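Only one structure is covered here, and it is reproduced in the block below.
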Amino acid sequence: STDLAPLNSDTEKDRIDWSQLEAKFGAFPKLPDGTKAGAVSKTLTNEYWRSLGEGYKSLGDRVGVPVVYQAAQSEGDQLGQLTIAEGLVTQGYNVLLVSPQTDSNLQPIMEQAKAANVPVVNVNDAVIPQAEHYVGNVQRDNGVRVAKWFIENRPDGGKVAIVEGQAGVYAAVQRTDGFKTTITEAGKFEVVASVPGNWDRQTSYDAATNVLQQHPDLIGFYANNDGMALGIVEAVKAAGLQDKVAVFGTDGISDAYASIRAGELTGTVDSFPVLTGEVALESALRLVAGQKLPRVVATPQALITKDNADRYSGAGDAVRKALLEDAAAGN
Amino acid sequence: MTDVTEHTAARPRAEFLHRFSLRDAGTLIGLVVILAVFGALVPGFFAERNLINILQQSSINACLALGMTLVIISGGIDLSVGPTAALSAVISASMLVAGVPFPLAIAAGFAIGLVCGLLNGVLVAYVGLQPFIVTLGTLSTYRALALIYTGGNPVLGLPAGFRAIFNGSLFGLPLAVIIVAVVALIAWIILKKTPFGEYLLAVGGNEEAAYIAGVPIARTKIAAYMISGLLAALAAQILIGRLGAAEPILGNLWELDAIAAAAIGGASLMGGKGSVVGTILGAVILGTMRNGLTLMNVQSFYQLLATGLIILAAMLIDRVTRGRG
Amino acid sequence: MTDVTEHTAARPRAEFLHRFSLRDAGTLIGLVVILAVFGALVPGFFAERNLINILQQSSINACLALGMTLVIISGGIDLSVGPTAALSAVISASMLVAGVPFPLAIAAGFAIGLVCGLLNGVLVAYVGLQPFIVTLGTLSTYRALALIYTGGNPVLGLPAGFRAIFNGSLFGLPLAVIIVAVVALIAWIILKKTPFGEYLLAVGGNEEAAYIAGVPIARTKIAAYMISGLLAALAAQILIGRLGAAEPILGNLWELDAIAAAAIGGASLMGGKGSVVGTILGAVILGTMRNGLTLMNVQSFYQLLATGLIILAAMLIDRVTRGRG
Amino acid sequence: MSVPRLQFEGISKVFPAVRALSDVSFSVGAGEIHGLLGENGAGKSTLLRILSGVYRPTAGSVLIDGRPVTLNNPVAARAAGVAMIHQELQQVPHLSVAQNMFLGHPLTRGGIFVARREQERRAAEALAALDPTIDPAVPLGSLKVAQRQIVEIARALLDRARIVAMDEPTSSLTPSEFERLAEVIAGLARDDVAVVYVSHKLDEVFGICQRATIMRDGVVVGSVDLAQVSEKAVVSMMVGRELAQEQHRSHASSEVRLSVRGLASATKVRDVSFDLHRGEVLGIAGLVGSGRTELLRLLAGADRASSGRVEIDGKAIKLSSPRDAIAAGIGLVPEERKREGIVPLRSISSNMALASMGVFAPRGVIDHARLKRVAAEKMKRVNLRPFLLDRPIRLFSGGNQQKAIIGRWLAAGTRILLFDEPTRGIDVGAKAEIYHLIEELAAEGHSVIVVSSELPEVIRLADRVLVVRDGTVAAELDRADLSEQAIAAHAIPQSETQGRQGAGHRVGA
Ligand SMILES: Nc1ncnc2c1ncn2[C@@H]1O[C@H](COP(=O)(O)OP(=O)(O)OP(=O)(O)O)[C@@H](O)[C@H]1O
Ligand SMILES: Nc1ncnc2c1ncn2[C@@H]1O[C@H](COP(=O)(O)OP(=O)(O)OP(=O)(O)O)[C@@H](O)[C@H]1O
Ligand SMILES: [Mg+2]
Ligand SMILES: [Mg+2]
């Protein structure tokens, strides 16, 4: 498998949509006795990653597989995360689910796990090039969806701005690029600013204030995550421009939904972390059971606005159903 | 005789320099240069609205940096300001959301800041540990407490009334700016006019001499850390008022900005030296830079580069003016 | 006469204490306590594989902390180690990927480390700026350069041959551990046995006196920063060998861990004091803690809490043993 | 007989590895000026630090007016009526003179604000009797050592204490400054204050004290009535043996070792020219602030000269750093030992070896065996006490620190030694040793320059004396013409000798 091409989760051909798992690979398989799964994510300081863990746990509970879920102490603690992952390998878990801090910081795990004959599933966000299995959404698509909203809903075009996540992080780069490329190609829009927000609410607030001051005729912001988007919303409100400026975030955390319902945040691209967690664990366990899955299992996402927020925020099963409908409809 | 006249003549000038030192003038020159550069490059940079923006965006860092300056003068350092602010923010916020009256919730936030500072101070002053390490330890500890308390979630939905307190304007200036200006004035008075200010300078300048002279070393240091904690709490209140939410991860890397502002303003990390005016100017320099670079839509990598270079340049200007001073 | 006999009798013990100081003994006690606690709580903690893991996981921090120790002894501090490592990593890696022979690519990485250290050192020693601020400025600058150089993308696909250099084992120990052990031995020799070591201790202990005694102050300081840069580069090579990729954001917050290790090991941030043995023990303490907490499946918020408390506890143990020493 | 104002009863003090005081008892009456004498390391400062609340005694008690007092910290000592002038200047350079004097107990307006003006007025009053030229408003760091010491004395006077302890208050002062201090001390005695006076300058002690207690190695050897005993007897009590009074011996040759022409600095030194011969001891005298220290620093490469030429053995040398000077065989024993001399945390051996690393590490690695041997030899020669070569130098008394610094240059094989106030704070025994050492060095062919504000010292040591005035050589006096009067005559600026001589100047005569 050393001849595996470096993975690009957004363009990999060997992929399957999550909705097809059951159709193509049958019902959930029987697992060897005592199967247990280890998972390590980026950080628990962000709701997204906690929700992912909930997904692991809920499926794990349902199928009787204990899941240990750990996370680094902070976003950016790359070696700490590696230490955690190495601990999981040595402790004899049957499968690992990892959401690496960066594209490479968990690389040694791939080799150690291979030696220990433990499958590893790369779940979302940063992408390990040698990963044999990836479950997650198409990062670039986040930005594309928001850009499409602008193209459809703001036919006259106008000035838009991007607030980026931490410089150099895969998800931030992809999301930004998807948005920027799509909206620029539409012709009528101008990306007047693409400034760093560092995943931080306060930084984004200040950045948005400055951008608005320079471009009071701005029609929208796209932020690489919801925390930053919520900071931008406050800046837009403080500038008194809430009726003119649309603000979009990414992730679909509960605060974002609340803000959307309150008519403040225009929308977010929800990537359904709980469902993603379930799909990831399901895929991982199918691997344990010996099934040969495609390299990438794509998980759903949807652009949430006030109009459809209720559809995507109900109980787990309802959302699953709605998303399956979306998938069937080819969204 | 000649001698005496000379002394008398020299007095007023010395007095003036004493008040607005050459060192502060150096920082001011730095600020003016940066303003001029951005003014030339960015249309509308000098718009009143933008200048107010700069002040507002500098106010939180200035608030922290004032506390940091006092701690640095006392010969210490406080790396834990960010987590202290976070802890104070989430506790105030959760009380506010639970319907506790504003004054009580704010007071609780301030109390948290004071307690965090007290712990730092006691470990430094009574136990005799190195300030850098103590506050490195409490940096993790306080952050962890804030995360555990909230389970990692932001506290949302702060009452509008509370937000108005820190979000309003007076005479066209944001209240946050006015609050920090008042804090700066108080800090200036403390440093220049009160025994405590003298004690700070003495403890940082020569601890043994201060001890022998009867300066209450431990109490002075503890007070410095408590003020730093209190100002971190104040910064937290201002911020959550502005954002309408309190996050346990708030205040990440604040300590570096605060230290940079104090150092650009002339504080020596060896202790015994520092200036309130300089610190404020230092904070405004950093704020101006961020504002200007954003307005110029400089890409984030280059913003980072500019930040680093500006810090170095400011210190070089400092060095040159000190050389002349 | 009695005096003389007494002196002679006391000699061997004093000699031993000189080599393995009471202070280091304190750090060792701290490590033993932590090992004992985890050994009791975590089954399989003392498995050879796990102990090797701990060493391997501590090796990068130990490598940085050794350089940091020398800088701290000289009275400085180096906050820029992480970005220095990142810059060195991406440049070596891009050369390797471009097919440049290993020795050349590695040498280039080391050269980058040396140059980064040189710049820090020159600004501190010749220009006379405060080390904290200089390296705070270069922290941003070097990081920005690494990001700009790579466009923010990781450099992937390092040749297997290169990775084998840093990834192999010898006598059952990972090569990285052996490399760092050798570096530690060299650092120990430098500090205890060479004029440069004496110069470091003198410059950090009393710069003015060292100057009068003919110590080459500037060269000594610059050498310390260059060693720190070189060791950051070495850490970078070890890491990219392990990871098979180099990222411009590598080395985030490394400086804090390195400083913590040095301080736990007895280095004084006032300069003039520090121990190679202590620093290694400090790095292993931090590594052990992380390993043990992970094996105990402690949630990350509580891990953070434990990190903070351990740093404080280590300093308290330090304080107590110093009191007795 | 009334109870004494101050009594020490069985005071002992043990530091780790050192017993500094054993069962020290003596008393001082109200209005008495009591000398406390002893060699370096005898325990004088330790005793006074116990009196001023800085150290706590291991055993024993202090009684004031017959009542035992607890002196747990400096504040308690102040409250008990004790004021202290510490041997090491205890000051904060960034604060003003007045702020330093009132540090710890500032005058306030309304209990909130520091009353700067009032402090400055009161500080000026206290300074008036000692040195009216010191401006209480300037930062203390801008003063010279001597002035700082005067500030330290004036600070103790502010307290109106019942007991004033002075630990070598005149170590940086000239005789004329001592005269003024003597008047002040007499005034204190008239006000019934008990004064404990520590000095290595025996003439001062004999001049102002009635009685003296003599200590050796932490124990009291005896208390004497100074009117009844000779200086010689006191000295032998201090050192435990007879001290031979040595006479000056010259070893100067005609061979010029060092030649200085037109040396000038940007600040103090203007156009200095002189020759120094092989085996010669050249004295440099002058007023405080006349530029002697700076001249030595130029020669030691510690400061850069703005012009001038320095030759050694006829070859021009570059002096852009102390390294250059050391390479050329020049070494400086600096004036401010604590700031410029020692590396406090390092051992005696390390401090000694610092300047000769090339010698001890010929192949890049220090030969510790050799270093130990040389350190033992050099420290024996300078008679280090206690003889603990691995002990951090900060734990040694000032005199012994000075010996280690001298040892540093002996080890480095320096041929030209520059001594700036070589015996400041050094006891009679050690002083004689150092004089002897200097002469030995000269006899071995070393060339020596001695800057000293103690004219007897210059006269005792020098083969020839340069008198420096306003940064330039005002006169060169041969041994035959040497006298305190002759030196003073050249040291004082002309207008001063005619006008208000001595009023505002500290005179080295
Ligand atoms: N803090 C300390 N720790 C250990 N030993 C000390 C300490 N302070 C003083 N000593 C030792 O106590 C002894 C007495 O020192 P002290 O300073 O009292 O002498 P002194 O008579 O004042 O000498 P000098 O005339 O040189 O000032 C010396 O051997 C000294 O090394
Ligand atoms: N321009 C200056 N700025 C700061 N300090 C100075 C300056 N010139 C001299 N000094 C310091 O002041 C002290 C007195 O030096 P100077 O050479 O003028 O006097 P001196 O004749 O040696 O008198 P003293 O007896 O005080 O040493 C020295 O410590 C010197 O380093
Ligand atoms: Mg003494
Ligand atoms: Mg002098």
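Looking at D:302, D:285, D:316, just one residue is more than 27 Å from residue D:456 (Cβ to Cβ), within 10 Å of ligand 2 (Cβ to nearest atom) and not hydroxyl-bearing (Ser, Thr, Tyr), and that residue is D:302. Within segment D:7-16, restricting attention to residues that are more than 7 Å from ligand 1 (Cβ to nearest atom) and within 27 Å of the chain's Cα centre (by Cα), the residue that is surrounded by the fewest Cβ atoms within 10 Å (Cβ to Cβ) is D:14. Quick one: would you say residue D:179 is free of Cβ contacts under 8 Å to residues at least 12 places away in the same chain and either within 14 Å of chain B (Cβ to nearest Cβ) or away from ligand 3 (no atom under 16 Å from the Cβ) (or both)? Spelling it out, residue D:179 is indeed free of Cβ contacts under 8 Å to residues at least 12 places away in the same chain and either within 14 Å of chain B (Cβ to nearest Cβ) or away from ligand 3 (no atom under 16 Å from the Cβ) (or both). Residues considered: D:42, D:20. Of these, the only one that is within 14 Å of ligand 1 (Cβ to nearest atom), surrounded by 21 or more Cβ atoms within 10 Å (Cβ to Cβ) and part of a loop (DSSP other than H, G, I, E, B) is D:42.
Would segment D:58-76 turn up any residue that is within 16 Å of ligand 2 (Cβ to nearest atom), within 12 Å of chain B (Cβ to nearest Cβ) and either within 26 Å of residue B:74 (Cβ to Cβ) or of a type outside the set (Val, Ile, Thr) (or both)? Checked against the condition, which is being within 16 Å of ligand 2 (Cβ to nearest atom), within 12 Å of chain B (Cβ to nearest Cβ) and either within 26 Å of residue B:74 (Cβ to Cβ) or of a type outside the set (Val, Ile, Thr) (or both), segment D:58-76 yields no hits at all. Can you tell me which residues in segment A:69-96 are touching a Phe, Trp or Tyr at 6+ places or on another chain (Cβ under 7 Å) and either at the interface with another protein chain (Cβ under 7 Å from one of its Cβ atoms) or of a type in the set (Gly, Ala, Ser) (or both)? Across segment A:69-96, the qualifying residue is only A:71.
When we screen D:58, D:70 for residues that are out of contact with any strand residue (DSSP E or B) (no Cβ under 6 Å at 6 or more places or on another chain), assigned by the TED database to the domain that holds residue D:165, surrounded by fewer than 23 Cβ atoms within 10 Å (Cβ to Cβ) and of a type in the set (Ser, Thr, Tyr), the only hit is D:70. Within segment B:281-309, being more than 17 Å from residue A:161 (Cβ to Cβ), β-branched (Val, Ile, Thr) and more than 8 Å from chain C (Cβ to nearest Cβ) holds for B:284, B:285, B:288. Restricted to strands (runs of 3 or more DSSP E) entirely inside segment D:217-329, those with at least 3 residues that are away from every other protein chain (no Cβ under 14 Å) and under 25 Å from the mean Cα position of the chain (by Cα) are D:219-225, D:281-286. Filtering segment C:188-196 for residues that are facing another protein chain (nearest Cβ under 10 Å), among the hydrophobic types (A, V, I, L, M, F, W, C) and crowded, with 19+ Cβ neighbours inside 10 Å leaves a non-empty set. In summary, helices (runs of 4 or more DSSP H) completely within segment D:341-453 and bearing 2 or more residues that are within 30 Å of residue D:174 (Cβ to Cβ) and of a type in the set (Lys, Arg) occur at D:398-411. Is it the case that some residue within segment D:194-212 is more than 16 Å from ligand 3 (Cβ to nearest atom) and either touching a Lys or Arg at 6+ places or on another chain (Cβ under 8 Å) or under 25 Å from residue D:116 (Cα atoms) (or both)? Yes; the residues of segment D:194-212 include at least one that is more than 16 Å from ligand 3 (Cβ to nearest atom) and either touching a Lys or Arg at 6+ places or on another chain (Cβ under 8 Å) or under 25 Å from residue D:116 (Cα atoms) (or both).
Of the residues making up segment D:360-370, just one is touching a helix residue (DSSP H, G or I) at 6+ places or on another chain (Cβ under 7 Å) and more than 10 Å from every other protein chain (Cβ to nearest Cβ), namely D:370. For segment A:243-331, the helices (runs of 4 or more DSSP H) that sit wholly inside it and include 3 or more residues that are in contact (Cβ under 8 Å) with a residue 40 or more places away in the chain are A:254-261, A:273-288, A:316-329. The residues in segment D:77-114 that are more than 7 Å from every other protein chain (Cβ to nearest Cβ) and in a loop (DSSP other than H, G, I, E, B) can be counted, and the count is 9. Kindly evaluate residue D:453 against the criterion of being within 16 Å of ligand 2 (Cβ to nearest atom), at pLDDT below 90, within 22 Å of residue C:208 (Cβ to Cβ) and more than 14 Å from chain C (Cβ to nearest Cβ). The answer is yes for residue D:453. Within segment C:154-176, track down each residue that is in contact (Cβ under 8 Å) with a residue 24 or more places away in the chain and not aliphatic (A, V, I, L, M). If the condition is that a residue be in contact (Cβ under 8 Å) with a residue 24 or more places away in the chain and not aliphatic (A, V, I, L, M), then C:154, C:157, C:159, C:161, C:162, C:163, C:166, C:167, C:172, C:174 are the ones that fit. Select from segment C:242-254 the residues that are assigned to a helix (DSSP H, G or I) and either surrounded by fewer than 24 Cβ atoms within 10 Å (Cβ to Cβ) or modelled with pLDDT under 90 (or both) and list them in ascending order. Hits for segment C:242-254 are C:242, C:243. So for segment D:98-107 (the condition being aromatic (Phe, Trp, Tyr) and farther than 27 Å from residue D:216 by Cβ), does at least one residue qualify? Checked segment D:98-107: at least one residue is aromatic (Phe, Trp, Tyr) and farther than 27 Å from residue D:216 by Cβ. When you scan segment D:392-408, do you find a residue that is within 16 Å of ligand 4 (Cβ to nearest atom), buried (at least 21 other Cβ atoms within 10 Å of the Cβ) and not assigned by the TED database to the domain that holds residue D:232, even just one? Yes: one or more hits. If I ask for residues that are surrounded by fewer than 21 Cβ atoms within 10 Å (Cβ to Cβ) and either part of a helix (DSSP H, G or I) or touching a helix residue (DSSP H, G or I) at 6+ places or on another chain (Cβ under 8 Å) (or both), which ones from segment A:21-49 would you list? Those that are surrounded by fewer than 21 Cβ atoms within 10 Å (Cβ to Cβ) and either part of a helix (DSSP H, G or I) or touching a helix residue (DSSP H, G or I) at 6+ places or on another chain (Cβ under 8 Å) (or both): A:21, A:22, A:23, A:24, A:25, A:28, A:29, A:31, A:32, A:35. Among the residues of segment A:229-256, those identified as within 11 Å of chain B (Cβ to nearest Cβ) and not β-branched (Val, Ile, Thr) are A:230, A:231, A:234, A:235, A:237, A:238, A:239, A:254, A:255, A:256.
Among all positions in segment A:195-217, there is at least one residue which is more than 12 Å from every other protein chain (Cβ to nearest Cβ) and more than 20 Å from the chain's Cα centre (by Cα). Selection of first residues in segment D:8-20 that are among the acidic types (Asp, Glu) and of second residues that are more than 16 Å from ligand 4 (Cβ to nearest atom), restricted to Cβ pairs under 9 Å at least 6 apart or on distinct chains, gives the following pairs, ordered by first then second residue: D:9/D:24; D:9/D:25; D:9/D:27; D:9/D:60; D:9/D:61; D:9/D:62; D:9/D:63; D:9/D:68.
Which numbered condition in (1) at pLDDT 95 or above; (2) under 18 Å from residue D:60 (Cβ atoms) is the only one that residue D:218 fails? Of everything listed in (1) at pLDDT 95 or above; (2) under 18 Å from residue D:60 (Cβ atoms), residue D:218 misses just condition (1).
Taking (1) more than 16 Å from ligand 1 (Cβ to nearest atom); (2) closer than 22 Å to residue D:424 by Cα; (3) modelled with pLDDT of 90 or more in turn, residue D:169 satisfies each apart from (1). Yes or no: residue D:85 within 20 Å of residue D:190 (Cα to Cα) and within 16 Å of ligand 1 (Cβ to nearest atom)? It is true that residue D:85 is within 20 Å of residue D:190 (Cα to Cα) and within 16 Å of ligand 1 (Cβ to nearest atom).
Yes or no, residue by residue, for (1) free of Cβ contacts under 8 Å to residues at least 40 places away in the same chain; (2) hydrophobic (A, V, I, L, M, F, W, C):
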{"position": "A:6", "(1), (2)": "no, no"}
{"position": "A:23", "(1), (2)": "yes, yes"}
{"position": "A:26", "(1), (2)": "yes, no"}
{"position": "A:37", "(1), (2)": "no, yes"}
{"position": "A:40", "(1), (2)": "no, yes"}
{"position": "A:43", "(1), (2)": "yes, no"}
{"position": "A:53", "(1), (2)": "no, no"}
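The values are calculated or read from the model by the stated rules, or taken from the named source; none is laboratory data. As the structure is a computational prediction, the values presented were derived from the model and not from experiment. In this analysis, Cβ positions are derived from the backbone assuming ideal geometry, glycine residues included, and neighbour counts consider all displayed protein chains.
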